Amino acid sequence: MPALAQRLPGIDAARGIALLGMVATHILPLMGAGAEPTPVGLLVSGRAAALFAVLAGIGLALSTGKQTPRQGRTLRAGQRSVGARALVLLAAGLTLGMVHVNVAVILVQYAALFLCILPFLGLRLPALAAWAGGWILLSPVAGYLLRPLLAEHLAPHGLGRLAGGSASWDSLQQPGLLLADIFVTGYYPVLQWISYLLVGLVLGRLALHRAGVQLALLAAGALVAFAARNIGSFFLDYLGGLDALLQTPAAARGPLRSLLQVDLAWVDQSGSWWWLATAAPHSGTTLDLIQTSAVAAAVVGLCLLLTRLHPRILLPLSGAGVMTLTLYCAHVLTLSRLLELWPTTGRPPGWTTEQLFGAQAVAVLLTGTVFALLQWRGPLELTAHAADALAAGRSRSGRDTIRAKAR
């Protein structure tokens, strides 16, 4: 990555927040005693991963012309770069899918999202906004209709359960099941998640360096998120939606009331059109996409405003945000190793989940700070940069390599 000062540190800080949020959902429980949602389940579940995806769209917009999208040869070069990065993400994701860990690795879906978004990189703001709005409205309906059709032709027990929720190199032996998992039935269905990258492209085409835009993102994002969440509650609690959902097969398989607050990813959302009226995390509904996108916009606006005060005010977060691919992979591998050593708990004896999260959060922030101060790239970021530079026909300069010491 370029030196931190040449970037928008607020965007990197938001990416660091997304990383910590995903670490929290991987380690801390989403539901406690009596299946009651925990604070992490209520505040972070579904929102951290969505923030990651929206930021991916923002990053693509910033790297392909900011407010004025590239055209012609420069656009095609940018598209080749994005495609090359997608291949790096795909390889990393399939490799992480081979390790034994209770984490739904997002990288393969990330790679697919990067490839799917290529045709949109040259669009200007009005067209992008129209596509984003249409996708948010229609893709949940398409997903609802496609899921049962796929279940008829593919093994239902395998849908969304590849390698414990993550695609791996072994998954390539079942290409139909793999594609169904990636695009429709998995934990991060690309069909709906394209919405997040489109929203990110819209945000990235704005004048993000202006205080007015930053304030608007914070205020409008918070307001829209609040409205979407409450509209979902109104549909379920006052219009009879919850009663209808409690009559579906899914209600007999788990604490549906709590799952509607924290995570619908593995819930069989069939048997009632009322599923499309929820704003539940990982439901992939229109209200879920709107709410989580709005939260992402608010976080981005807040981080941009804070870094206006001083670019390094959020240095630990922005440092981690510059090297999220490396830190995410290290986090997953660490969890896998802990599970090998302590299969029952996945953590050292005497440690609580809160202590394990705290240790990993400190490691993430400390590593990000050190790399930022030394102006180093993360190893996987260096690999991705080399791949996109090669694809775009650029040569790497000496300053793009990891340096052994600070300038």
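Each row is one residue, and each column tells you yes or no for (1) at pLDDT below 95; (2) closer than 30 Å to R73 by Cβ.
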residue: L315; (1), (2): no, no
residue: M323; (1), (2): no, no
residue: C329; (1), (2): no, no
residue: T334; (1), (2): no, no
residue: A359; (1), (2): no, no
residue: W376; (1), (2): yes, no
residue: A384; (1), (2): yes, yes
residue: R394; (1), (2): yes, yes
residue: A406; (1), (2): yes, no
Would region 256-277 turn up any residue that is among the hydroxyl-bearing types (S, T, Y), under 22 Å from A35 (Cα atoms) and free of Cβ contacts under 8 Å to residues at least 60 places away in the same chain? no
A48 meets each of (1) free of Cβ contacts under 8 Å to residues at least 24 places away in the same chain; (2) within 17 Å of the chain's Cα centre (by Cα) with one exception, condition (1)
Name the pairs: first residue in region 308-328 and without any contact (Cβ under 8 Å) to a residue 12 or more places away in the chain and farther than 22 Å from V105 by Cβ, second residue surrounded by fewer than 21 Cβ atoms within 10 Å (Cβ to Cβ) and of a type outside the set (S, T, Y), Cβ to Cβ under 6 Å, at least 6 apart or on different chains? I313/L306
Please find, among P119, P126, P69, the residue that is of a type outside the set (A, V, I, L, M, F, W, C) and outside any helix (DSSP H, G or I). P69
Output yes when any residue across region 7-18 is part of a helix (DSSP H, G or I) and in contact with a Phe, Trp or Tyr (Cβ under 9 Å, 6 or more places away or on another chain), and no when none is. yes
Assess whether T248 counts as being closer than 21 Å to G133 by Cα and polar (S, T, N, Q). no
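Rundown of residues vs (1) crowded, with 21+ Cβ neighbours inside 10 Å; (2) modelled with pLDDT of 95 or more; (3) in contact with a helix residue (DSSP H, G or I) (Cβ under 7 Å, 6 or more places away or on another chain), yes/no style:
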{"residue": "L89", "(1), (2), (3)": "yes, yes, yes"}
{"residue": "A92", "(1), (2), (3)": "yes, yes, yes"}
{"residue": "G97", "(1), (2), (3)": "yes, no, yes"}
{"residue": "V105", "(1), (2), (3)": "yes, no, yes"}
{"residue": "V108", "(1), (2), (3)": "yes, yes, yes"}
{"residue": "L113", "(1), (2), (3)": "yes, yes, yes"}
{"residue": "L118", "(1), (2), (3)": "no, yes, yes"}
{"residue": "L125", "(1), (2), (3)": "no, yes, yes"}
Within region 95-109, is even one residue over 30 Å from A280 (Cβ atoms) and more than 16 Å from the chain's Cα centre (by Cα)? yes
Name the pairs: first residue in region 76-93 and under 11 Å from L115 (Cβ atoms), second residue of a type in the set (F, W, Y) and assigned to a helix (DSSP H, G or I), Cβ to Cβ under 6 Å, at least 6 apart or on different chains? V82/F114; A86/F114; L89/Y110
Those residues of region 341-362 which are in contact (Cβ under 8 Å) with a residue 12 or more places away in the chain and on the phi < 0 side of the Ramachandran plot amount to T353, E354, L356, F357, Q360, A361
Filtering helices (runs of 4 or more DSSP H) wholly in region 155-264 for at least 2 residues that are surrounded by 17 or more Cβ atoms within 10 Å (Cβ to Cβ) and more than 21 Å from the chain's Cα centre (by Cα) gives 211-238, 241-245, 256-262
What are the pairs with Cβ atoms under 7 angstrom where one residue, in region 178-191, is without any contact (Cβ under 8 Å) to a residue 24 or more places away in the chain and the other, located anywhere, is surrounded by 20 or more Cβ atoms within 10 Å (Cβ to Cβ) and aliphatic (A, V, I, L, M)? Sequence gap at least six, or different chains. L178/L162; L178/A167; D181/L162; D181/A167
Out of L162, L154, sole residue that is touching an Asp or Glu at 6+ places or on another chain (Cβ under 6 Å), at pLDDT below 95 and over 25 Å from W135 (Cα atoms): L162
Filter result for the condition that a residue is outside any helix (DSSP H, G or I), buried (at least 18 other Cβ atoms within 10 Å of the Cβ) and out of contact with any strand residue (DSSP E or B) (no Cβ under 8 Å at 6 or more places or on another chain), over G301, G346, G350, G319: G346
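The values are calculated or read from the model by the stated rules, or taken from the named source; none is laboratory data. If you're wondering where the values come from, they're calculated on a predicted model, not measured in any experiment. For neighbour counting, all protein chains shown are included, and Cβ atoms are generated from backbone atoms with ideal geometry for every residue, glycine included.
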